[in-house]
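Participant: This is the structure I have questions about; it appears just below.
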Amino acid sequence: MPLLTSGHRYVVDKLAEEITQVVFGFDGGIATSEDGGAGRPAITVTPLVRIVDDNTISVEAKLTTVDSFTLPLREVCIRSADRALFRYTYDAITKSSDTELIFSTIIEVN
């Protein structure tokens, strides 16, 4: 049974309300649906969460020149206040005080 447009919007609204944190981390292990979240957190930031349309959420988190780390960043985890919702891993990024880093993603509810 297909989810109606109003149902999609309900799920999008609730999910957008839940997203309150983006955690950047050092662990580069493969992300799976069974993840518990960031393995070795480096920093937690409050993201900008926008509803794009009835099916789509935009999430953006920024690390400024104030943030620098001796180890490379390899993962990002989108969280609510009490649980991990999404986790992504990527090739190592060295974050120094000379650079800014913006993580931006689109989440579609189908």
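The values are calculated or read from the model by the stated rules, or taken from the named source; none is laboratory data. For clarity, every value in this text was computed on a predicted model and none was experimentally measured. Ideal geometry is used to build each Cβ from the backbone, glycine not excepted, and the neighbour counts take in all protein chains shown.
Participant: Find the residue count for the stretch 61-100, including only residues that are closer than 18 Å to GLY28 by Cα, of a type in the set (A, V, I, L, M), part of a strand (DSSP E or B) and touching a residue at least 40 places away in the same chain (Cβ under 8 Å).
Facilitator: 6
Participant: Just give me the residues in the stretch 85-110 being exposed (fewer than 11 other Cβ atoms within 10 Å of the Cβ) and of a type in the set (Asp, Glu), in sequence order.
Facilitator: Within the stretch 85-110, ASP91, ASP98 meet the criteria.
Participant: Checking ARG9 against (1) outside any strand (DSSP E or B); (2) modelled with pLDDT of 95 or more; (3) of a type outside the set (S, T, N, Q), only one condition comes out false. Which one?
Facilitator: Going through the list (1) outside any strand (DSSP E or B); (2) modelled with pLDDT of 95 or more; (3) of a type outside the set (S, T, N, Q), ARG9 breaks only (2).
Condition check ((1) in contact with a His (Cβ under 7 Å, 6 or more places away or on another chain); (2) under 16 Å from ASP82 (Cα atoms); (3) modelled with pLDDT of 85 or more; (4) not in a loop (DSSP other than H, G, I, E, B)) across all residues:
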position: LYS14; (1), (2), (3), (4): no, yes, yes, yes
position: VAL22; (1), (2), (3), (4): no, yes, yes, yes
position: ALA31; (1), (2), (3), (4): no, no, no, no
position: ASP35; (1), (2), (3), (4): no, yes, no, no
position: THR44; (1), (2), (3), (4): no, yes, yes, yes
position: ARG50; (1), (2), (3), (4): no, no, yes, yes
position: SER58; (1), (2), (3), (4): no, no, yes, yes
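Participant: Across the stretch 57-102, what is the number of residues that are among the basic types (Lys, Arg) and more than 13 Å from ALA42 (Cβ to Cβ)?
Facilitator: Adding up the residues that qualify gives 4.
Participant: Let me ask another. Run THR70 past the list (1) surrounded by 12 or more Cβ atoms within 10 Å (Cβ to Cβ); (2) within 22 Å of GLY39 (Cβ to Cβ) and report the number of the one that doesn't hold.
Facilitator: It fails just one condition, (1).
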